[in-house]
Structure formats: C-alpha cells, structure tokens
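Encoded as structure tokens, the structure appears first; notes follow it.
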Amino acid sequence: MMQDIGAAARRSLAVWLIGVGCLALAAPLAAQTLVLEPVADATLYEESPGFANGSGSFLFAGRIVDGSRRRVLLRFDVAGALPAGATVTGATLTMTVDRTISGGVAMPLHRVLSAWGEGASDAGSPGGQGTPAAPGDATWSSALFPDQPWLAPGGDFSASASASAVVATEAAYQWSGAGMVADLQAWLDAPASNNGWLLLADETIAGPTAKRFASREHGDASMRPLLLVDYSVGPGPGPQPVAAPVTVPVLRGEVLGALAALLGLAALLALRGRSQ
C-alpha cells in the first residue's frame, strides 16, 4: 500500500511540474526597447506653399513674425523595426530645439492621414525660408510635389492630438502618451497606414512662436529626432506557429534550464515507480 501511495505521489508531482513548465513557456518575454531615427522628415511653409527643406539640417514649427505658419512632418519605420505581433507598451519622441526667439508654447503631435515624401531640397542654414521644392518633396500645398496635393493645404492629419509638450528655450523636449502608443500599434499591425506624425505649435496664438529643431540630417547625431519604443513579444491564445530563434534574457534561459531539469527528474521518478 505504501508503495502504491508513493507511485501516485510521484505521478502527481510529474503532472504538476509539467503544468508549471507549460505555464512558464507560455509567459510573455521580457519587455524590450528600440531606438529609432526618422526615415523621413520635412517642413511645410505656409507663406511659400511651393517651398520645402526635405534634406536640410533643420525643421521648423510655429508662427513666424508675420503670422505665417510652419509645420513639421516625421515618419518612422515601425513595421520594419519591430517584430510582427509585438505589443507596443510605451513611446517617447525626443526632439531638440537649437534656435528660437519666442517663449514657451504648446506643441501637439498629430497622426498624419495621407502619404507624403521627402525630396532632395536643402535650404541650408539658417533654413527658415525654405527653398524651391524638389520632386517628391512635401510642401504646404503638396504631399508629393509637384502633382499630388494634400486634401487640405498644410497637411492632412487627425484633429485629435496623440501627445503634446510645451516647448520653450534651446533644449531637448519629449512627447509621450497613450495616443502615441495606439498610433505605433496601428502602424505595426497595418504598415500601409503609417504616414507618421505632424508637429505644430498652438496656432490660436498669433506669434511669433516658431522653433527650429534639428532634423534627421543634422550634423550632430545627438540632436537628431529619436523615438524610443517599448514593446513585448509573447504567444497569443491558441496554437502558435514555429517562430524564428530569438535572443532572450539570461534569467529566462536559467528558468527554462531549471524547468528542464525538474521535468527530467519527474520522468525518472515516474519510470522508477513503474518498475516497482
């Protein structure tokens, strides 16, 4: 009788260990972070609707002295950087102001609704007036110069801001929030919908409110726009396809090793129980 109880206990232990192992293997991997630079950026000049600065070192947003507006476009290759099926959990955009003559102003970030381009135009320094647009440039009137206009001059974008920050003196500023996370998840799940963001100043203020930001072509790499994306990867419900090998944290490997040893011990105990 005592021998039968021992065998039952060993079988119960084996079943429990296998269940624990399956739960551990199904758990999501640790959160990870990617740092992305834009794949395109541009400035829209209201007072010069056929001008651009696609490949220039600077970006401009806000009203200038005469009240004319400038807006910034930014796009990041989300689907090309994050693994398919990932869940975006956080996002922070950092941009650096290197010149301004105005005080603090709220600058919201909006999701762009139409595809746009970055051409070879370069207004040089200081770049504030722009230069005649090159083919493929985004301008105030064109999403893709010269023959693809915006639906509305100044860019087609969501009325709701994805995030906002108050921008003042020469410094680095950050935008983050649930709206940005939702945008990135949507762009990851449907890459064709990724038209990036548009940055503008509070346009209810007469001005001047304009700020000059470093672009992705800026000579000082530390000043270029950066997007930090936090995400996690793990199996969803139901059977999962065989995935390509991934690098996992050391702690994850240790846990899997311990589970493998325990499962092996359980199997050995079960075999011994049968032989008794």
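The values are calculated or read from the model by the stated rules, or taken from the named source; none is laboratory data. Just so you know, these numbers come straight off a predicted model, no measurement behind them. Cβ atoms come from the backbone with ideal geometry, glycine included; neighbour counts cover every protein chain shown.
For the condition under 15 Å from V112 (Cβ atoms), in the same structural domain as D41 (by TED's automatic domain parsing) and either under 26 Å from the mean Cα position of the chain (by Cα) or at pLDDT 95 or above (or both), what is the one hit in G155, G136?
Details: G136 fails: under 15 Å from V112 (Cβ atoms).
None of the others qualify; the one that does is G155.
Between A152, A159, A106, A143, which is under 16 Å from A52 (Cβ atoms) and out of contact with any helix residue (DSSP H, G or I) (no Cβ under 9 Å at 6 or more places or on another chain)?
Values: A152 fails: under 16 Å from A52 (Cβ atoms); A159 fails: under 16 Å from A52 (Cβ atoms); A106 fails: under 16 Å from A52 (Cβ atoms).
Sole residue among the options that is under 16 Å from A52 (Cβ atoms) and out of contact with any helix residue (DSSP H, G or I) (no Cβ under 9 Å at 6 or more places or on another chain): A143.
Test A91 against the criterion of being within 20 Å of S162 (Cα to Cα) and touching a helix residue (DSSP H, G or I) at 6+ places or on another chain (Cβ under 7 Å), and give yes or no. Talk me through it step by step, then tell me what you get.
Values: within 20 Å of S162 (Cα to Cα): yes; touching a helix residue (DSSP H, G or I) at 6+ places or on another chain (Cβ under 7 Å): yes.
Taking the combined requirement at face value, the residue satisfies it.
Quick one: would you say A182 is farther than 19 Å from E46 by Cα and surrounded by fewer than 16 Cβ atoms within 10 Å (Cβ to Cβ)?
Values: farther than 19 Å from E46 by Cα: yes; surrounded by fewer than 16 Cβ atoms within 10 Å (Cβ to Cβ): yes.
When the stated conditions are applied, A182 passes them.
What are the residue pairs meeting all of these: first residue in the stretch 176-193, first residue hydroxyl-bearing (S, T, Y), second residue assigned to a helix (DSSP H, G or I), Cβ atoms under 7 Å, and 6 or more apart or on different chains?
S193/A186; S193/W187
If A81 satisfies all but one of (1) over 30 Å from P149 (Cβ atoms); (2) at pLDDT 95 or above; (3) small (G, A, S); (4) touching a Pro at 6+ places or on another chain (Cβ under 8 Å), what's the number of the condition it fails?
Tallying (1) over 30 Å from P149 (Cβ atoms); (2) at pLDDT 95 or above; (3) small (G, A, S); (4) touching a Pro at 6+ places or on another chain (Cβ under 8 Å), A81 fails exactly one: (4).
For (1) closer than 26 Å to A79 by Cα; (2) buried (at least 22 other Cβ atoms within 10 Å of the Cβ); (3) not polar (S, T, N, Q), each residue gets a yes or a no:
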| position | (1), (2), (3) |
| --- | --- |
| S141 | no, no, no |
| L144 | yes, no, yes |
| D147 | no, no, yes |
| G154 | no, no, yes |
| A186 | yes, no, yes |
| A201 | no, yes, yes |
| T204 | no, no, no |
| A210 | no, no, yes |
| F213 | yes, yes, yes |
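Being on the phi > 0 side of the Ramachandran plot and buried (at least 16 other Cβ atoms within 10 Å of the Cβ) narrows it down to one of G130, G119, so name that one. Give the derivation first.
Working: G119 fails: on the phi > 0 side of the Ramachandran plot.
Of the residues listed, the single one that is on the phi > 0 side of the Ramachandran plot and buried (at least 16 other Cβ atoms within 10 Å of the Cβ) is G130.
Anything in the stretch 58-77 that is under 22 Å from the mean Cα position of the chain (by Cα) and more than 18 Å from L227 (Cα to Cα)? List them, or say none. Outline the logic, then answer.
So the first thing to find is which residues in the stretch 58-77 are under 22 Å from the mean Cα position of the chain (by Cα), and the list is 58-61, 71-77.
Matches in the stretch 58-77: F60, A61, R71.
Let me confirm something: among T96, T100, T43, which residue is modelled with pLDDT of 95 or more, closer than 28 Å to G177 by Cβ, surrounded by 18 or more Cβ atoms within 10 Å (Cβ to Cβ) and touching a Gly at 6+ places or on another chain (Cβ under 8 Å)? Can you show your working first?
Values: T96 fails: touching a Gly at 6+ places or on another chain (Cβ under 8 Å); T100 fails: touching a Gly at 6+ places or on another chain (Cβ under 8 Å).
Just one listed residue meets the conditions, T43.
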